[in-house]
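Have a look at the structure below, then the notes.
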Amino acid sequence: MAIPEKYEDVERWAFGDTEQQADELAKLVLDGVKTATCANLDGEGIAQPGDIFVVVDGKNKPVCAIELTTVEMTTFEQVNEAHALAEGEGDRSLAYWRREHQRFFEEYDLFSPDMTLVLMHFKISEKF
């Protein structure tokens, strides 16, 4: 099914760094388990509450549109259990979140315990 025209030019997000992970995390979003994500602070600008993104699976197929509800900045080491739970990955614990995200950011030579992260919470605005 084609996505509604209003989303055709919207930025697309795939979660994770492999096709399998993108599929699994897209399903968690659709199931309402994953309601948050994070990104390293870069020069690209910071997303704002109300911004819309299209979530894609591992084959870049759109699965839903999400709307950011809150956006805040903190350091990696200050991320708390509530955010880890909202990200919905693994056993949803802070320990799992830290392990997986440190691995992810190290892969791109970005990791440090005091790195600034943009924490984003979202809700599904439309499923495709």
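For the reader, a short list of remarks on this structure follows.
- Under 5 Å between amide hydrogens, built in the peptide plane, is the criterion, and for VAL56 it picks out TRP13, ALA14, PHE15, VAL63 among residues at least 5 positions away or on other chains.
- Computed Kirkwood radius, in angstrom, where 1/r is averaged over Cα pairs of the chain: 14.9
- Applying both filters, DSSP loop and at most 16 other Cβ atoms within 10 Å, to the GluC sites (Glu not before Pro) of region 36-82 gives GLU44.
- Region 10-127: relative contact order as a whole-number percent, Cα under 8 Å and 6+ apart: 35
- Gain on full stretching of the segment that runs from ASN80 to VAL33 - 0.36 nm per residue minus C-alpha separation: 15.2 nm
- Residue among VAL56, THR18, VAL79 farthest towards the positive dipole end of region 10-127, charges placed on Cβ: VAL56
- Angle between the chain longest axis and helix 19-30 axis [Cα atoms, degrees, rounded to 10]: 70
- Extended-chain gain in nm, criterion 0.36 nm per residue less alpha-carbon gap, GLU72 and PHE128: 17.4 nm
- The dipole here belongs to the chain: it is taken about the Cα centre, uses +1 on the Cβ of Lys and Arg and -1 on the Cβ of Asp and Glu, and is about 400 debye.
- Summed over the residues of region 10-127 and divided among them, the accessible surface reaches 53 Å² per residue at a probe radius of 1.4 Å.
- Gain on full stretching of the segment that runs from PHE104 to LYS61 - 0.36 nm per residue minus C-alpha separation: 13.2 nm
- Taken one residue at a time, the phi angles of region 69-84 give Karplus couplings (6.51, -1.76, 1.60, θ = phi - 60°) of 9, 9, 9, 9, 10, 7, 8, 3, 6, 9, 4, 10, 4, 4, 5, 4 Hz. Gly and Pro are set to x.
- Built amide H within the under 5 Å cut-off of GLU126, gap 5+: ALA65
- Degrees separating the helix 94-107 axis from the principal Cα axis of the chain, which is the longest one: 80
- Compactness check for region 63-128: Cα Rg over 2.2 N^0.38 Å is 1.20.
- Within the accessible area of the chain (1.4 Å probe), percent carbon and sulfur: 48
The values are calculated or read from the model by the stated rules, or taken from the named source; none is laboratory data. Since we're looking at a predicted model, the values are computed, not measured. No Cβ is skipped: glycine too gets one built from the backbone with ideal geometry, and neighbour counts run over all protein chains shown. What goes into the accessible areas is simple: the full protein's heavy atoms, side chains included, and nothing from ligands, DNA or RNA. Shrake-Rupley method; radii C 1.70, N 1.55, O 1.52, S 1.80 Å.
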